[in-house]
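Below is one structure, written out as structure tokens; the observations come after it.
The values are calculated or read from the model by the stated rules, or taken from the named source; none is laboratory data. All of these numbers come straight from a predicted model, not from anything done at the bench. Note that each Cβ is placed from the backbone with ideal geometry, even for glycine, and that neighbours are counted across all protein chains shown.
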Amino acid sequence: MRAGRALLLVGAVAYSLVAASTTPFTKPADVLTGLAIVAFAVVVCVRWPLRTHSRSRSRWRSRAVHTEAAASPSRSGHPFFPWLVLFVGFTAWELFNYLVHGTRADHPTFSSITDAIDRFYLLKALLFLGWLAGAWVIAQRGTPTPTPTPTSTPGPSA
């Protein structure tokens, strides 16, 4: 198992170095980014179960509170709610900074912030590797943990 993870890390580093060598908005950059997005989508579709409860939430709450939350479903209990809040907040920030009058230095968008990092090859590769690592973490958090099945052992017959 460790060899597989080491190979995955080496592959991700190599992929990041190749992707960082491309010029933004060119066909090679778009293809390398698109392949990573498609691979992530496939991994999520294959590894994630069709469920609506959060695995990590049950670790933080006591059993009584978790049972109460399961009995009365709320929107905040949905595992995708934090991602929705993050997406809406990020989009609002981007739109505000894009539409407000002024210089890009006064109101930077996310892309103008990352342009400062993208000027340096190693930082660009690290940024891409971080993006891949974030995708891996998301895929891992949604992957169900195998639950041990109780095996019935025959007891002594009396």
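Would it be correct to say that residue 73 is modelled with pLDDT under 65, in a loop (DSSP other than H, G, I, E, B) and not acidic (Asp, Glu)? Break it down stepwise before answering.
Values: modelled with pLDDT under 65: yes; in a loop (DSSP other than H, G, I, E, B): yes; not acidic (Asp, Glu): yes.
It is true that residue 73 is modelled with pLDDT under 65, in a loop (DSSP other than H, G, I, E, B) and not acidic (Asp, Glu).
May I ask you to list the residues in the stretch 79-118 that are surrounded by 10 or more Cβ atoms within 10 Å (Cβ to Cβ) and among the β-branched types (Val, Ile, Thr)?
Narrowing the stretch 79-118 to residues surrounded by 10 or more Cβ atoms within 10 Å (Cβ to Cβ): 79-98, 104, 107-118.
85, 88, 91, 109, 113, 114, 117 - these are the residues of the stretch 79-118 that are surrounded by 10 or more Cβ atoms within 10 Å (Cβ to Cβ) and among the β-branched types (Val, Ile, Thr).
Which pairs have Cβ atoms under 9 Å, sit 6 or more apart or on different chains, and link a residue in the stretch 100-122 that is closer than 18 Å to residue 21 by Cβ to one that is assigned to a loop (DSSP other than H, G, I, E, B)?
Qualifying pairs under 9 Å: 115/24; 118/24; 121/21.
Can you confirm whether residue 125 is closer than 20 Å to residue 22 by Cα and at pLDDT 95 or above? Step through it out loud before you land on a result.
Working: closer than 20 Å to residue 22 by Cα: yes; at pLDDT 95 or above: yes.
So residue 125 passes the test.
Pull up the stretch 19-48, narrow it to residues that are without any contact (Cβ under 8 Å) to a residue 40 or more places away in the chain and surrounded by 13 or more Cβ atoms within 10 Å (Cβ to Cβ), then point me to the one that is nearest to the chain's Cα centre (by Cα). Outline the logic, then answer.
As a first pass, look at the stretch 19-48 and keep what is without any contact (Cβ under 8 Å) to a residue 40 or more places away in the chain: 22-23, 25-35, 37-39, 41-42, 45-46.
Still in the list and also surrounded by 13 or more Cβ atoms within 10 Å (Cβ to Cβ): 22, 29, 32-33, 39.
Numbers: 22: 23, 29: 20, 32: 18, 33: 15, 39: 13 Å.
Top of the filtered list is 39.
Go through the stretch 76-131 residue by residue and tally those that are of a type in the set (Phe, Trp, Tyr), under 21 Å from the mean Cα position of the chain (by Cα) and assigned to a helix (DSSP H, G or I). Working first, answer last.
Residues of the stretch 76-131 of a type in the set (Phe, Trp, Tyr): 80-81, 83, 87, 90, 93, 96, 98, 110, 120-121, 128, 131.
Those still in the list that are under 21 Å from the mean Cα position of the chain (by Cα) too: 80-81, 83, 87, 90, 93, 110, 128, 131.
Remaining after also requiring assigned to a helix (DSSP H, G or I): 81, 83, 87, 90, 93, 110, 128, 131.
Qualifying residue count, the stretch 76-131: 8.
Being under 25 Å from residue 145 (Cα atoms), modelled with pLDDT under 90, touching a Ser or Thr at 6+ places or on another chain (Cβ under 8 Å) and of a type in the set (Lys, Arg) is the requirement here; does residue 47 meet it?
On the way: under 25 Å from residue 145 (Cα atoms): yes; modelled with pLDDT under 90: yes; touching a Ser or Thr at 6+ places or on another chain (Cβ under 8 Å): yes; of a type in the set (Lys, Arg): yes.
Yes; evaluated as a whole, the condition is true for this residue.
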